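Accompanying notes for the structure given below.
None of the figures in this text is laboratory data; all of them are computed from the coordinates on show. Not measured: the values here are computed from a predicted model. Glycine also receives a Cβ, built like all others from the backbone with ideal geometry; neighbour counts cover every protein chain displayed.
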Amino acid sequence: MLLSNKVCVITGAASRRGIGRATARLFALHGGRSIILDLDAAQAEAAAAELGEAHRGYACDVTDKAACVAVAERIVGEFGRVDVLVNNAGITQPLKFMDIGPENYDAVLDVSLRGTLYMSQAVVPHMRERKSGSIVCMSSVSAQRGGGIFGGPHYSAAKAGVLGLAKAMARELGPDGIRVNSITPGLIQTDITGGKLTDAMRTEILKGIPLNRLGDAEDVARACLILASDLSGYITGAVLDVNGGMLIH
């Protein structure tokens with residue numbers, strides 16, 4: 001199994017149709033212990049319970065550094081280590097440039113960018129002790145193409161920041177045996193897009209996707225599996241596109 005006995009932490013992973021939940025399921029199928037983090041403790045626990053008794057769900061606000069450190073210590077205390085971190089937590093808002101207020105900017109950047117920083121800072125000391133670890137950061141095609149379908153410019157900015165942060169982390173943490181890579185999903189069918197995508201929008205979007213289908217959460221989860229496992233043992237600082245060819249560059 002690709003993740004046999006590895007302790008894998010996935011943030012923002014309680015949503016039933018989300019990328020994080022799909023990643024936790026796939027990691028469990030490959031022998032990993034999936035630790036699901038989300039704002040709602042009950043939802044996180046329920047999501048983990050569906051995977052079996054080897055897995056756990058904990059509440060964690062990734063915008064709160066103390067909360068990130070506390071949950072990392074709890075995981076290490078129970079399982080002895082953290083092998084994989086997937087920084088998946090994020091939110092989006094469909095706002096135009098001039099409609100973005102301070103509260104909108106803070107909310108979107110706090111979860112995606114500050115959350116990636118804080119959760120990574122929480123697990124890196126434990127990974128450094130073992131000279132081993134893989135961190136996967138969730139960005140977006142909107143960071144590469146200057147906007148997406150449902151996210152505003154502040155979402156693009158947050159996800160572009162994730163790319164820069166991940167590359168800087170990869171350079172600094174490489175000597176410690178810690179790999180850091182990013183994934184840039186295209187339009188993925190999740191709870192965020194559910195109900196918002198009309199038939200007309202779908203037809204128009206598919207014209208720009210060579211593989212002629214929208215992505216699903218499992219498509220992104222498989223990319224996470226590659227970057228989390230030893231299959232990518234000599235890959236760090238990379239950006240893996242999962243967009244069906246929506247953006248070829």
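I'd like to verify something in the chain: which complete DSSP H helices, judged by Cα projection on the helix axis, reach 20 Å or more and average at least 0.0 on the Kyte-Doolittle scale? Show your work: numbers first, answer last.
Values: long enough: 65-79 (21 Å, 0.92); 115-130 (23 Å, -0.39); 153-173 (29 Å, 0.23).
Qualifying helices: 65-79, 153-173.
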Find me the longest stretch of the chain that has none of the exposed chymotrypsin sites (Phe, Trp or Tyr not before Pro), where exposed means in a DSSP loop (not H, G, I, E or B) with at most 16 other Cβ atoms within 10 Å. 1-149
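Divide by every residue of the chain the summed helix terms, -39500 (n - 2.57) for each DSSP H run of at least 4, and state the resulting mean residue ellipticity at 222 nm, rounded to the nearest 500 deg cm²/dmol. Provide the component values of the computation, followed by the final result.
Details: 9 runs with 105 residues, N = 249.
That comes out to -13000 deg cm²/dmol.
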Before anything else, pin down the relative contact order of segment 28-93: Cα pairs under 8 Å, at least 6 apart, normalised by residue count, whole percent. 24 percent
In the chain, what is the count of Lys pairs whose alpha carbons are under 18 Å apart, counting only pairs at least 8 residues apart or on separate chains? 4
Can you tell me the length gained on complete extension of the stretch Arg213 to Ile149, counting 0.36 nm per residue apart and subtracting the Cα distance? 21.5 nm
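Kirkwood hydrodynamic radius (Cα pairs, Å) of segment 1-110?
Computed over segment 1-110, the radius equals 14.5 Å.
Could you rank the peptides 37-43, 158-164, 7-13 by their average count of other C-beta atoms within 10 Å per residue, with the highest value first? Please list the in-between numbers first.
Details: 37-43: 18.9, 158-164: 21.3, 7-13: 27.7.
Descending packing order for the listed peptides: 7-13, 158-164, 37-43.
For the chain, what is the charge dipole size about the Cα centre, in debye to the nearest 20, if Lys and Arg each add +1 at the Cβ and Asp and Glu each add -1 at the Cβ? Present the calculation step by step, with values, prior to reporting the outcome.
On the way: 25 positive and 25 negative charges, 122 e Å.
Roughly 580 debye, rounded to the nearest 20.
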Calculated FRET efficiency, Gln189 and His249, Cβ-Cβ r, R0 25 Å, to nearest 0.05? 0.60
Lys and Arg at +1, Asp and Glu at -1: neighbours of Arg128 with Cβ under 14 Å from its Cβ sum to 0
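For segment 89-238, what class follows from the C-alpha gyration tensor (a ≥ b ≥ c being the square roots of its eigenvalues): rounded when a/c is under 1.5, otherwise prolate if a/b is larger than b/c, else oblate? Write down the numbers at each step before the final one.
Values: a/c = 2.55, a/b = 1.49, b/c = 1.71.
Oblate shape, in that a/c is at least 1.5 and b/c is the bigger or equal ratio.
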Projected onto the charge dipole of segment 7-242 (+1 at Lys/Arg Cβ, -1 at Asp/Glu Cβ, origin at the Cα centre), which of Cys137, Ile75, Ala54 gives the Cα projection farthest towards the positive end? Cys137
Considering only C-alpha atoms, what is the centroid distance from segment 201-217 to segment 15-70, in Å? 29 Å
